[in-house]
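The values are calculated or read from the model by the stated rules, or taken from the named source; none is laboratory data. Everything numeric here is computed off the predicted structure, so don't read it as measured data. Ideal geometry is used to build each Cβ from the backbone, glycine not excepted, and the neighbour counts take in all protein chains shown.
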Amino acid sequence: MFSGEKLKLFKVCWVALLFCPMLLQANEKVKFGTNWVAQAEHGGFYQAFADGTYAACGLDVEIVPGGPNVNNRALLLAGRIDFMIDGNLLQSFNARKESIPLKVIASIFQREPQILITHPGQGLDTWESLKTAPVLFIGNGGFHSYFQWMKSIGFSDSQRRPYHFNSAPFLANRKSGQQGYITAEPLVIEQIASFTPNVFLLADYGFDTYSTMLVTMEKTLQNKSDVVQCFVDGSIIGWVNFLYGDRNAAVTLIKEDNADITDRTIQFAIDQMKKYGIVDSGDSLTLGIGAMTNERVQNFYQKMVIAKVVKPGLDFGSAYTLEYINKGVGLDLKKKLAGL
């Protein structure tokens, strides 16, 4: 464990963009579970590992890639990992409803990357026109979450068809729409069908949840608060370096953990994250990456109550803490790297 003075010194070293040898060597083992196989959307964490940012304040971080058969929540509850990624606020609300002792400590994505895509030139070129689309391919997870919100603003159950993570039905029906992620599906469609789809980022139209949130157990906050702070700060610095600095080492590690990923896929995801402000926009511009506010969480919760996705009366405020974020970590580094 490291003292408050050493943690303070570590932050000074970050500002100076130096690693100070008087700090502890990495000795606090930490396992961090991601929400999918290694990809650019995890780039900042790989960056913090690759450039020694985690190690500089005493953390020996092991990144544990997720996947279709990985249940990180169960692993976290069992103590087999120390931190994990939650997709969005709805998962955290559900954990609080079930009295699961988890807590959100940062939101790496300011904007949910969830999108709908349509064929261009088929009368489905605006958000309002999507409300008249005959078919929208939406998976079960989306149907029980953001599609319920969509219904509260004019969409209907009759439009929905199950999406099985295969774009063939969408490609065959030009009057349809399909779910996806801003960092992936537009490129996939372009590669297999040679056209650029219309893209509708749900965050642009009111689905303003936080996303890619860092979560840990409440007992970890109580017993290892300094470890939590180092992990959060290190992740933030990692994301600043990944987005605005030399990311080659992180990309190499991502490709080592995911042999199927390509350089084009990684670069496309990075470009989309920057173009759409997925990581760095809104409050993060002044408070630092990872930022959250009570007002935004409350506003989203109220929208979900109206949409009947969550029930009223939930103690949603206990699902997260602002103790470890909103401190401007990484802002000076970003200015230097981005030439601002």
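Below, the figures for the structure above:
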item	result
Selected residue [more than 30 Å from Phe316 (Cβ to Cβ) and either at pLDDT 95 or above or surrounded by 15 or more Cβ atoms within 10 Å (Cβ to Cβ) (or both)] from Leu9, Leu18	Leu9
Of the criteria (1) modelled with pLDDT of 95 or more; (2) surrounded by fewer than 21 Cβ atoms within 10 Å (Cβ to Cβ); (3) of a type outside the set (Lys, Arg), which one Ile115 fails	(2)
Filtered residue count, region 59-99, keeping only those that are aromatic (Phe, Trp, Tyr) and under 14 Å from the mean Cα position of the chain (by Cα)	1
Every pair of residues 6+ apart whose Cβ atoms lie under 7 Å, when the first sits in region 51-65 and is in contact (Cβ under 8 Å) with a residue 60 or more places away in the chain and assigned to a loop (DSSP other than H, G, I, E, B) while the second is buried (at least 19 other Cβ atoms within 10 Å of the Cβ) and charged (D, E, K, R)	Gly58/Glu28
Selection status of Ser235, more than 26 Å from Tyr146 (Cα to Cα) and of a type in the set (S, T, N, Q)	yes
Members of region 282-314 found to be farther than 26 Å from Gln148 by Cα and surrounded by 16 or more Cβ atoms within 10 Å (Cβ to Cβ), listed by number	Asp283, Ser284, Leu287, Gly288, Ile289, Gly290, Ala291
